[in-house]
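Visitor: Starting off with a structure, shown below.
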Amino acid sequence: MAMNSFPHTRWSYFRTSFQFKLFLIFTLLTFLVTGLLSTLYIASEIRKTHRHAAEQLQMRAQQLADSIRLPLYAENSDMLCHMAEQAAAAREIRAVVVSAPGGRVLANIHSPNPDDTSDVIGTTVDVRSLVGDSVESAMAGGRDSSSVLLGTVRMEQGTADQSKAIRQVVVLSISMAIIFWMSVSLFCYLVLRQLTRSFNALVKGINAMQGGDFTARIDIQSNDEAGRAARAVNDLAQALQQRSEENISLQEDRLKIERQMLQAQKLESLGVMAGGIAHDFNNLLQSILGNVELALMQLPPESKSKKYIDNAISSARNAAHLTNLMLTYVGKGFITKKELNLNELVKVNAEMLRTAASSSVTFELCLSPELPVIMADEAHIQQVVMNLTINAAESIEKQPGVIRLSTGVQNCDQEMLAQSLVDDKPAPGRYVFLEVRDNGCGMDDDTLKRLFDPFFTTKFTGRGLGMSAVMGIMRTHSGALCVESEPGKGTTFRVLFPISESARPAELQETGRPPQSDTCSVLKGPLSGVVLVVDDERSVLNVCSKMVTLCGFTAITACDGVDAVEKFREKSDEIVAVLMDLTMPNMDGITAMNEIFAIRPDARVILSSGFNEEELSERITGQVPAGFIRKPYSMKVLETELRRVVNGEE
């Protein structure tokens, strides 16, 4: 009886002991937690082992696929078998199979191991060409679907090593759980929970960066390794954000530079083309105008043919004007800068255009008083005013319409001048502006992009050179051109001209006396002497020599620069002037002029060309010529220049 009561009493003690209960509950709970953690750890290690083995096998197969592209493309079975044997020599590798795209086996290597009865894992890798790979897919570890499939690589591996590693993990985990189940398990659980929270934040931030959101930041809650890793990821995100912004800015700058280079190349090509056209076309026009003018001189005033010849002369001069428009666009037009009154030019042209425009179009002038003068070519600025005003009038489809022309002075900074459509941006400063505003149909973006291209027009009639000439004029005057337009809401053009250094009010300036007519007579003293006429075009040479003869001189001719130098050397004492073309074969006009100056420094040389005088002056580095005459020229212009050079008559 006494012996039976002890166990009962001992069990009763354990059942009634609060300490035992707590210990039992704590032990069971800790055991369950430790067992669960151990089980999870073992399962995780098993998955990791399997995944690691699969990744290693995938990497080996990929390395083999990368190394056999060339022999697989050539279907070299011997080399493929050799390389497959090398790959199969690795530990646990059971088989290596290389196949063509159609499934045809090119290499099949097996390495059986009778002692190894474990399972087998395998993987297949596509072998593709490198042509279609992109940077993005390479960075992501993928392959571009557009690359060419060369074949496949199949590799199989045994799992004996994996099973051994898993058994070791199980034994070690159970041992650690039993030994440290009351202290280490709890501590590890708390640490893992904290680390899990920190690394989840890291993964979230890295995923945001991978998605392109470099503004996302990880909330740092500790100063341990996870916290330092989070700070490093935040710093990396900030650096990537700055780099992304810099790349965007550099990309925009690169595109801007590319557009400027393309525009410069286009202008250079157009310049070469326009220069060639101007030279050949002006030579033809010189021959036509000269011969027609000589024929006109032979007719009596009452001749019925006179009006037809006058019409031919007018058409030829219009052709010369068209050539000058092409030269103006590329900055090689004929210009003569002087101080101009922009207000007076606007008034004169507005009155003239008001009479030509529709009666339902109203012209409004808002001209600023005390407007400073500008240094510009009067004919070109007049052309700018007319072209912009005509463009505004033609854009008004719904009647009535309003065209406002405004002038004034504006302080322009670099940001404002950067909006100019002219490639060469002027320096910041004070500018005189002309603004032409209309309430017409406006323009869309596509029209604005092509508005200033040569021969582009939206009208049924027209040559499409008006607005391109405006662009060329603003380019040669170092000005700026801004356009604002929206379909259905009208267009505003604003052109900016640098203020002349004298900066006097425009009211005190004259717009310049009108040029002397080519047909007016000059009653001055007779002309005499020998003039050397030089031109490589026979028709131009004949008509120019005839015009020189009719002026009263004796003309001798030369066909190029070399011939001109020889003839001048022979008759240098008799020749009073040399009329010489600028562009000639063998020896051009400038070189021949320098040779003539070497023979007689006081020689009077008049150069003729289809280009403007400013461009000619840039090419002359030594002694300048006595005169310059622009082709095509009339006999009166030639006589006036000869009188000025030979007799000093103005």
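The values are calculated or read from the model by the stated rules, or taken from the named source; none is laboratory data. Because the structure is predicted, anything quoted here is derived from the model rather than measured. With ideal geometry, Cβ positions are generated from the backbone for all residues, glycine too; neighbour counts draw on all protein chains shown.
Visitor: Six or more apart or on different chains, Cβ under 9 Å: which pairs go from a residue in the range 557-571 that's in the same structural domain as residue 592 (by TED's automatic domain parsing) to one that's exposed (fewer than 13 other Cβ atoms within 10 Å of the Cβ) and among the acidic types (Asp, Glu)? Could you list them?
Guide: 558/566
Visitor: What are the residue pairs meeting all of these: first residue in the range 424-444, first residue closer than 11 Å to residue 496 by Cβ and outside the structural domain of residue 381 (by TED's automatic domain parsing), second residue among the polar types (S, T, N, Q) and at pLDDT 85 or above, Cβ atoms under 9 Å, and 6 or more apart or on different chains?
Guide: Listed pairs, sorted by first residue: none to list.
Visitor: Follow-up. Would you mind listing the helices (runs of 4 or more DSSP H) fully within the range 68-174 where at least 2 residues are modelled with pLDDT under 80, more than 30 Å from residue 36 (Cα to Cα) and out of contact with any strand residue (DSSP E or B) (no Cβ under 8 Å at 6 or more places or on another chain)?
Guide: Result: 135-140.
Visitor: Here's something else I'd like to know. Residues to consider are 593, 584; find the one that is modelled with pLDDT under 90, in contact with a strand residue (DSSP E or B) (Cβ under 8 Å, 6 or more places away or on another chain) and crowded, with 18+ Cβ neighbours inside 10 Å.
Guide: 584
Visitor: Given the conditions (1) in a loop (DSSP other than H, G, I, E, B); (2) more than 23 Å from residue 636 (Cα to Cα), report the number of the one that residue 552 does not fulfil.
Guide: Single failed check for residue 552: (2).
Visitor: Modelled with pLDDT under 80, in a loop (DSSP other than H, G, I, E, B), on the phi < 0 side of the Ramachandran plot and among the β-branched types (Val, Ile, Thr) - does that describe any residue in the range 218-239?
Guide: Checked against the condition, which is being modelled with pLDDT under 80, in a loop (DSSP other than H, G, I, E, B), on the phi < 0 side of the Ramachandran plot and among the β-branched types (Val, Ile, Thr), the range 218-239 yields at least one hit.
Visitor: Give me the residue from the range 474-525 that is assigned to a loop (DSSP other than H, G, I, E, B) and hydroxyl-bearing (Ser, Thr, Tyr) and, out of that set, modelled with the highest pLDDT.
Guide: Across the range 474-525, the extreme among qualifying residues is 478.
Visitor: As an exercise: evaluate residue 364 against (1) among the acidic types (Asp, Glu); (2) exposed (fewer than 15 other Cβ atoms within 10 Å of the Cβ); (3) within 28 Å of residue 321 (Cβ to Cβ) and give the number of the one condition it does not meet.
Guide: Of (1) among the acidic types (Asp, Glu); (2) exposed (fewer than 15 other Cβ atoms within 10 Å of the Cβ); (3) within 28 Å of residue 321 (Cβ to Cβ), only one is false for residue 364: (3).
Visitor: Would you please name the residue that is modelled with the highest pLDDT, looking only at residues in the range 47-67 that are within 51 Å of the chain's Cα centre (by Cα) and over 22 Å from residue 148 (Cβ atoms)?
Guide: 59
Visitor: Out of all the residues in the range 476-493, which are crowded, with 20+ Cβ neighbours inside 10 Å and under 22 Å from residue 340 (Cα atoms)?
Guide: 476, 477, 479, 480, 481, 493
Visitor: Just wondering, is there one or more residues in the range 187-201 that are modelled with pLDDT of 60 or more, among the aliphatic types (A, V, I, L, M), under 30 Å from residue 247 (Cα atoms) and surrounded by 17 or more Cβ atoms within 10 Å (Cβ to Cβ)?
Guide: Yes.
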